[in-house]
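Visitor: A single structure is presented below for examination.
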Amino acid sequence: MLCPMIGNGRDAIAKVTAFLRGHPAPVTYGIIAVCCAVFALSPSSGFNPAYGTGDHLLAAQTAYFERWGVVPAELFTGSPRAALTPATALFVHGSWVHLLGNMLFLYVFGAMVEERMGHLQYGLFYLVSGYLALLGYAAAHADSDQSLVGASGAISAVLGAFLYLFPDARVTSVFPFLLFLPLRFPAWVVLPFWVALQWAAAGQDSQGPGVAYLAHLVGFSVGFLYAWVRYGRRPKEVLPDSAGGWADEGEES
């Protein structure tokens, strides 16, 4: 579990809270709202009695994922419907855990990236990066007929951009192998470690779609490279001040 805390002082949490209040992120919050609404109305949530129960519900879920998710074996057939699925799949999730995990990461990391990029640019960045992440994963599993859904690839791109834009941001991390002890590290330490874990998992992912580790890697790489190309040399780190603006590191608000 990762949670960014920006700043070096004792008031880091207060500064981030003030930043989020003073700088609304309509695209990030809009994506979260759409994903939650789509999930609630889908057969995955179990809320809609029209999908039935038991085998009928399982059949409805399978058909739903095949219609709106990415099926690698169909993606490169030239079908216009299949070509749209890397975009539609970004708003589809398979379970409550899947949805809440993705939305938590998007909420925590997305707002600051949106603030830096601007709303329109960030929205396009999210959609295109997510599309490319799922496209790359499908290309590596081109013979698979299993569907792939979720916003993980796009959110990984947000993490990549966050690493470039805020390399010294303090990220509170909880590691199971350290007895869930919360520790704080710079983003440039934590996020590359996360990438290494995804790389190791992707290297063992020989059974086709499941947890889309390769999509995570593609998305993260696209996000980092885009921020690098778009913003040129590494930008001077700035921190959200308590008034809701940007302050240079070490500057008191």
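Visitor: In whole Hz and in residue order, list the ³J(HN,Hα) couplings for region 212-221 that follow from phi through the Karplus curve 6.51 cos²θ - 1.76 cosθ + 1.60, θ = phi - 60°; x for Gly and Pro.
Guide: Along region 212-221, the couplings run 7, 4, 5, 4, 4, 5, 4, x, 4, 5 Hz.
Visitor: Ranked highest first by average number of other Cβ atoms within 10 Å, how do 25-32, 136-143, 110-117, 50-57 line up? Working shown, then result.
Guide: Values: 25-32: 19.1, 136-143: 17.4, 110-117: 23.1, 50-57: 11.2.
Ranked from most to least packed, the peptides come out as 110-117, 25-32, 136-143, 50-57.
Visitor: Sorted by accessible area (1.4 Å probe), largest first, how do 93, 98 line up?
Guide: On the way: 93 5, 98 55 Å².
The ordering from most to least exposed comes out as 98, 93.
Visitor: So if R0 is 51 Å, what FRET efficiency would residue 231 and residue 56 give, r being the distance between their Cβ atoms, rounded to the nearest 0.05?
Guide: Details: r = 51 Å, r/R0 = 1.00.
It comes out at approximately 0.50.
Visitor: Can you list the HN-Hα couplings for region 95-109, worked out from phi with the Karplus curve (6.51, -1.76, 1.60; θ = phi - 60°), rounded to whole Hz and with x for Gly and Pro?
Guide: 7, 4, 4, 4, 5, 5, x, 5, 5, 5, 4, 5, 5, 6, 9
Visitor: Quote the Stokes-Einstein diffusion coefficient, in whole µm² s⁻¹, for region 33-128, based on the Kirkwood radius over alpha carbon pairs, a temperature of 10 °C and a viscosity of 1.306 mPa s. Mind dumping the intermediate values first?
Guide: Working: Rh = 15.0 Å.
Answer, rounded: 106 µm²/s.
Visitor: Right, another one. So what does residue 92 come to for accessible area, using a 1.4 Å probe and Å² rounded to 10?
Guide: Surface accessible to solvent at residue 92 totals approximately 10 Å².
Visitor: Stretch residue 95-residue 77 to full length: gain in nm at 0.36 nm per residue minus the Cα-Cα span?
Guide: 3.6 nm
The values are calculated or read from the model by the stated rules, or taken from the named source; none is laboratory data. Just so you know, these numbers come straight off a predicted model, no measurement behind them. Using ideal geometry, Cβ is built from the backbone for each residue, glycine included, and neighbour counts are taken over all protein chains shown. In case anyone asks, the SASA skips ligands and DNA or RNA and just uses the protein heavy atoms, side chains included. Shrake-Rupley method; radii C 1.70, N 1.55, O 1.52, S 1.80 Å.
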